[in-house]
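Below is one structure, written out as C-alpha cells; comments come after it.
The values are calculated or read from the model by the stated rules, or taken from the named source; none is laboratory data. Quick caveat, the model's predicted, so the values are computed rather than measured. FYI the Cβ positions are ideal-geometry reconstructions off the backbone, even for glycines, and counts take in every protein chain you see. Remember, those area values only see protein heavy atoms, side chains included, never the ligands or the DNA or RNA. Shrake-Rupley method; radii C 1.70, N 1.55, O 1.52, S 1.80 Å.
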Amino acid sequence: MKLLISYKFIGGRIAKTGLAVFITAFICHMLNWPAMFAVITAIVTIEPTVADSIRKAYVRFPAAAIGAGFAVLFTFLFGDSPYSYASVSLATIIACHKLKLHDGMLVATLTGVAMISTVQDHYLSSFFIRLGTTTTGIVVSTAVNFFVMPPNYSKSIMSSIHSLYRRSGDILHKRGLEIFHLEVYDKNLRTEFQRLIKDIEKTETLCNYQKAEYKYHRFSRDDMRDFHYEYKKLTILRQITYHVGNLIFLPPSQIKLDERKQKFAISVLDDLKDSLYDPGFLITDSHHQKISEVTQWFIEQKQQHPAGGLKPRTHHHVQPETAILYEILSIHDLIEELNHIQNLEIKHRRLLKSQHLKDSLKGIQAKE
C-alpha cells in the first residue's frame, strides 16, 4: 500500500529514473568506472514509453561514441583548455546533425564535454570506458522502463477525456449565451478554448504512448477495445471543438431574438451541455423535439436569406444566425454519434458477459 501511495505521489517515471540511476551507479562502482557519464545517459534514456527508450537507444549509443571520440581527439590536441571544450561541443553537434542523430545530440555533447577533464594521458582506455558506461546507462534504464512499473496511460486517458468533454460543454454554453446576448462578452473564454485544444493534444500524445506500449507488453482484448472506444471519443471531441471554435471566433453580430426564442435557445444550450456532461451522452426525448425545432428554424433562415442574388463583397452568403444554427445542429449530430457508439459498447459488454457465464457453466458441467 505504501508503495502505491509513493508511486502516485512522486510519479512512475520519476521513481524509475531514481532506480535506474542507482543501479547504473552501483554497476559502475563495482567495475571501478566513472559513474557520471553512465548516470547522465540513464537519466535521459528513461522515456514515456518502452518503445521510445529502445528506439532512442540505437541513436544515443553512436552519438555518445562520437562525443567520446571528439573528447579524446581534442584533449590530445589542446589538453584541458577552453579550445577543447568549444571544439568538442561544435564538432559533436555538427556530426550528430549531419548523421541525423538528433535524439542523442544533447547527451553526446554533455558527456563529451564532461569527459575532457578525466581523459589525461589514457586516451584509448578512456574512450572504451566511456562507451562501457554509456552502454550501462542505456541498458539499465531501458530494462527498468520495461520491467519496473510499465507505463499505462489508460486511466489517465479516460479521466482526461471525460474532463475535456465537460469543459467543452461549459465553453459551448457560455459562448452560446454570449452570441444570443444573454451574457456579457468574456475575453477569458477564448483563452479557455485555446487551453482546451492544448489539453486535447496532450491526451492524443498519451494515446500514442499507450499504442506504442501495446507492442511490448501483454494486453487483453477488452483492454484494447476500451482503448479504441476512448480514442473514438477523443476523435469526435476534436470534431466538436472544431464547431465550437467556429462559434468562438464568429464575428460580433446584432442577433435579435424575441423572448420565446431566447428561452428556447437557452434550453437547447442547456441540453447540449448536459449531454456532454453525461458519461453515456444521453439525449432525452425532449431534446430530440427541440432539435427538430432548431432544424425547422435553420430551414426558415435559409429560405429567408437565400444566397442567390446577393451582391459580391457587400453581403454575406451565410447569415450569422444561419451559421450559428448550423454549428448547433452539427454538434448535436456528433453527440448522437457518441450516444450510438456508447450503446453499441454496452451491448457488446453484455454479450461478452453472457458468453463468459456460458463458458463458466460449461466448464463446471464438464468437471461434474
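Looking at (1) modelled with pLDDT under 90; (2) open to solvent by less than 80 Å² (accessible area, probe 1.4 Å); (3) among the hydroxyl-bearing types (Ser, Thr, Tyr), which is the one condition that is false for Tyr58?
If we test Tyr58 against (1) modelled with pLDDT under 90; (2) open to solvent by less than 80 Å² (accessible area, probe 1.4 Å); (3) among the hydroxyl-bearing types (Ser, Thr, Tyr), just (2) comes out false.
Report whether or not Arg175 is modelled with pLDDT of 85 or more and crowded, with 16+ Cβ neighbours inside 10 Å.
Answer is yes for this residue.
Taking the condition of being open to solvent by less than 20 Å² (accessible area, probe 1.4 Å) and closer than 14 Å to Leu325 by Cα, how many residues in the range 249-286 meet it?
So the count comes out to 5.
Out of the range 72-89, which residues are in contact with a helix residue (DSSP H, G or I) (Cβ under 7 Å, 6 or more places away or on another chain) and at pLDDT 90 or above?
Correct list: Phe74, Ser84, Tyr85, Ser87, Val88, Ser89.
Looking only at the range 229-250, count every residue that is of a type outside the set (Val, Ile, Thr) and more than 16 Å from Ser160 (Cβ to Cβ) and tell me the total.
Residues that pass the stated criteria total 8.
I'm trying to understand the selection: among the residues of the range 74-93, which are closer than 18 Å to Val107 by Cα and either free of Cβ contacts under 8 Å to residues at least 12 places away in the same chain or not assigned by the TED database to the domain that holds Val44 (or both)?
Ala86, Leu90
What about Phe70, is it over 19 Å from Tyr209 (Cα atoms) and surrounded by fewer than 22 Cβ atoms within 10 Å (Cβ to Cβ)?
No: the conditions fail for Phe70.
Can you tell me how many residues within the range 103-150 are at pLDDT below 80, β-branched (Val, Ile, Thr) and under 34 Å from the mean Cα position of the chain (by Cα)?
Counting residues in the range 103-150 that are at pLDDT below 80, β-branched (Val, Ile, Thr) and under 34 Å from the mean Cα position of the chain (by Cα) gives 1.
Give, as residue ranges, the helices (runs of 4 or more DSSP H) completely inside the range 186-282 that count at least 3 residues that are within 23 Å of the chain's Cα centre (by Cα) and touching a residue at least 12 places away in the same chain (Cβ under 8 Å).
188-213, 221-248
Can you tell me which residues in the range 24-50 are more than 23 Å from His122 (Cα to Cα) and surrounded by fewer than 17 Cβ atoms within 10 Å (Cβ to Cβ)?
Scanning the range 24-50 gives Phe26, Ile43.
Looking at the range 54-65, I want the residues that are closer than 13 Å to Gly137 by Cα and have a partner that is open to solvent by 50 Å² or more (accessible area, probe 1.4 Å) and in a helix (DSSP H, G or I) with Cβ atoms under 6 Å, at least 6 apart or on another chain. Which pairs are those?
Partner pairs satisfying both residue conditions: Lys56/Asp103.
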